[in-house]
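Enquirer: Below are the structure tokens for one structure; questions will follow.
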Amino acid sequence: MHFAPDLLDKLRNARHVAVFTGAGVSAESGIPTFRDAQTGLWAQYRAEDLATPEAFRRDPVTVWTWYAWRRDLMRKLGPNPAHVAIARLERLVDKVSVITQNVDGLHHRAGSSEVIELHGNIWNNFCSECRQPAAEIENESDVPPHCTHCNGLLRPGVVWFGESLPAPAWARAAEILEAADIFFCIGTSSLVEPAASMPRYARSCGRTVIQINPEATSHDEIAQYVLRGKAGEVLPALVQSAWPDAC
């Protein structure tokens with residue numbers, strides 16, 4: 001795989017790399033994208049009708065059971081070469097920050113040390129009433145389990161439709177965009193706001209924007225470099241090309 005020499009030079013000389021990942025990266029680990037996850041017993045539901053506060057208030061058992069099914073699916077899968085290559089960058093660049101729309105925790109498992117989860121983490125829970133966080137529930141007898149603080153119902157620690165992104169995560173993401181030399185946009189579409197506007201903001205801050213995606217998106221118009229292909233193939237090859245003696 002061939003990469004432009006000036007791209008390799010910019011990567012080698014970067015002091016802070018920001019990596020923004022979307023569903024395409026997790027899909028390469030076998031995790032269905034959010035809207036493709038409805039199979040088997042869940043084929044009768046639309047994901048958009050289950051991932052809302054209103055759906056949880058109306059039928060908490062069904063929503064919790066759906067997320068338990070998704071967790072079981074994810075538990076069998078692991079990081080792919082893209083996750084590993086991103087984590088490996090930390091040994092080659094002074095600072096690497098990951099901003100992700102994914103909720104599966106695979107960046108953590110691959111070894112990335114700073115991961116900003118814009119849409120939360122499916123392995124976390126918090127109380128739907130008092131908002132207190134709760135650890136992952138094992139061998140749950142109640143569906144959904146109850147909060148130990150107020151006896152409210154626990155819910156998955158993810159951002160649902162109609163909810164705002166967590167303010168601390170969004171603020172930290174903005175800080176990263178303003179400080180990083182390079183901004184990777186990997187496996188994301190241009191459909192979900194406000195996260196979809198991040199490549200545009202990075203470009204407006206004068207960052208070098210690199211788009212990696214098998215398909216064309218509107219981010220192609222923003223990026224200085226467009227690398228067409230799967231993240232698990234392009235990223236390891238890019239790191240190998242930039243640092244042939246370190247990999």
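Enquirer: Answer yes or no: is there a residue in the stretch 198-205 that is touching a strand residue (DSSP E or B) at 6+ places or on another chain (Cβ under 6 Å), under 28 Å from LEU89 (Cα atoms) and among the aliphatic types (A, V, I, L, M). Write out each step before concluding.
Expert: Let us first name the residues in the stretch 198-205 that are touching a strand residue (DSSP E or B) at 6+ places or on another chain (Cβ under 6 Å), namely 198-199, 202-203.
Filter once more, so that each one left must be under 28 Å from LEU89 (Cα atoms): 198-199, 202-203.
Now narrow it down to the ones that are among the aliphatic types (A, V, I, L, M): 198, 202.
Within the stretch 198-205 (the criterion being touching a strand residue (DSSP E or B) at 6+ places or on another chain (Cβ under 6 Å), under 28 Å from LEU89 (Cα atoms) and among the aliphatic types (A, V, I, L, M)), the answer is yes, since at least one residue qualifies.
Enquirer: Taking the options ALA237, ALA242, ALA179, ALA169, name whichever one is in the same structural domain as VAL17 (by TED's automatic domain parsing), aliphatic (A, V, I, L, M) and closer than 30 Å to GLN132 by Cα. Break it down stepwise before answering.
Expert: Details: ALA237 fails: closer than 30 Å to GLN132 by Cα; ALA242 fails: closer than 30 Å to GLN132 by Cα; ALA179 fails: closer than 30 Å to GLN132 by Cα.
It is ALA169.
Enquirer: Quick test of your reading of the structure: HIS107 fulfils all but one of (1) more than 18 Å from THR188 (Cβ to Cβ); (2) touching a residue at least 24 places away in the same chain (Cβ under 8 Å); (3) surrounded by 16 or more Cβ atoms within 10 Å (Cβ to Cβ). Name the failing condition by number.
Expert: (1) is the only condition that HIS107 fails.
Enquirer: Which one of these is over 14 Å from the mean Cα position of the chain (by Cα) and surrounded by 14 or more Cβ atoms within 10 Å (Cβ to Cβ): ARG155, ARG131?
Expert: Details: ARG131 fails: surrounded by 14 or more Cβ atoms within 10 Å (Cβ to Cβ).
Exactly one residue qualifies, and that residue is ARG155.
Enquirer: Any idea which residue in the stretch 44-65 is nearest to the chain's Cα centre (by Cα), counting only those that are assigned to a loop (DSSP other than H, G, I, E, B) and not basic (Lys, Arg)? Spell out how you get there, then give the answer.
Expert: Our first condition is that a residue be assigned to a loop (DSSP other than H, G, I, E, B); within the stretch 44-65, this holds for 45-46, 51-52, 59.
Of the ones still in play, those that are also not basic (Lys, Arg) are 45, 51-52, 59.
Values: TYR45: 24, ALA51: 17, THR52: 19, ASP59: 27 Å.
Among those that are assigned to a loop (DSSP other than H, G, I, E, B) and not basic (Lys, Arg), it is ALA51.
The values are calculated or read from the model by the stated rules, or taken from the named source; none is laboratory data. Please read these numbers as outputs of a predicted model, since none were measured by experiment. Every residue, glycine among them, receives a Cβ derived from its backbone with ideal geometry; neighbour counts consider all protein chains shown.
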